[in-house]
Amino acid sequence: MDATVERTARAGERNWGRTLVELGAILLRYGLVVILLWVGGLKFAAYEAESIQGLVANSPLVSWGYSVTSVQGFSMLLGVIEIALGLMIAARPFAPLVSAVGSLGAIGMFLITLTFVLTTPGVWQPGYGFPFLSMTGAFLAKDVALLAIAVWTAGEALLAARTSPLRPRQERSTQK
């Protein structure tokens, strides 16, 4: 293969790579947003409130919620939080710092949710034990990926906020 064809092929690979990275960034951020908005909205349905009751009731970090409100009330509170975080993360194009704060909130939420693996009975498949997840365990395991996405969106949004044209010029120049 001559040098020109080889350079052209490598340039095409770089362009495809860049395109896939950019598409991946959009899918990661807005996929997380869709999940937070959708699942947050479901928290207003009675069946969803009932389905998370065992997770919440067995958690030393969030079980207090049932002492101050009903199962449905606490589920709705969680829904409001998830929807708010989703909207904040979606604000990245025009408010990257708001997006970063939303992502940091999502990190906290997913870390708390992942502790349910340690506190909820029935996470491991009966008769098999660790590492065989039950349906509840599999439901919780997906939060590892969602946590990773939230970490990435937080970092990316913080970097964007640092260079945002909405910040005063002098402040931007002193932080480099």
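Residues whose amide H falls under 5 Å from that of residue 133, counting only those 5 or more places apart or on a different chain, are 125, with hydrogens built in the peptide plane.
Peptides 30-43, 134-147, 60-73, ordered by how many other C-beta atoms sit within 10 Å of their residues on average, highest first, read 30-43, 134-147, 60-73.
Where Lys and Arg each count +1 and Asp and Glu each count -1, what net charge lies around residue 150 among other residues with Cβ under 15 Å from its Cβ? Residues close to residue 150 contribute a combined charge of 0.
Every number here is computed from the coordinates shown, using simple stated rules; none is lab data. These numbers come from a predicted model, not from an experiment. A quick note on method: Cβ atoms are made from the backbone with ideal geometry, for glycine too, and the neighbour counts reach across all protein chains shown.
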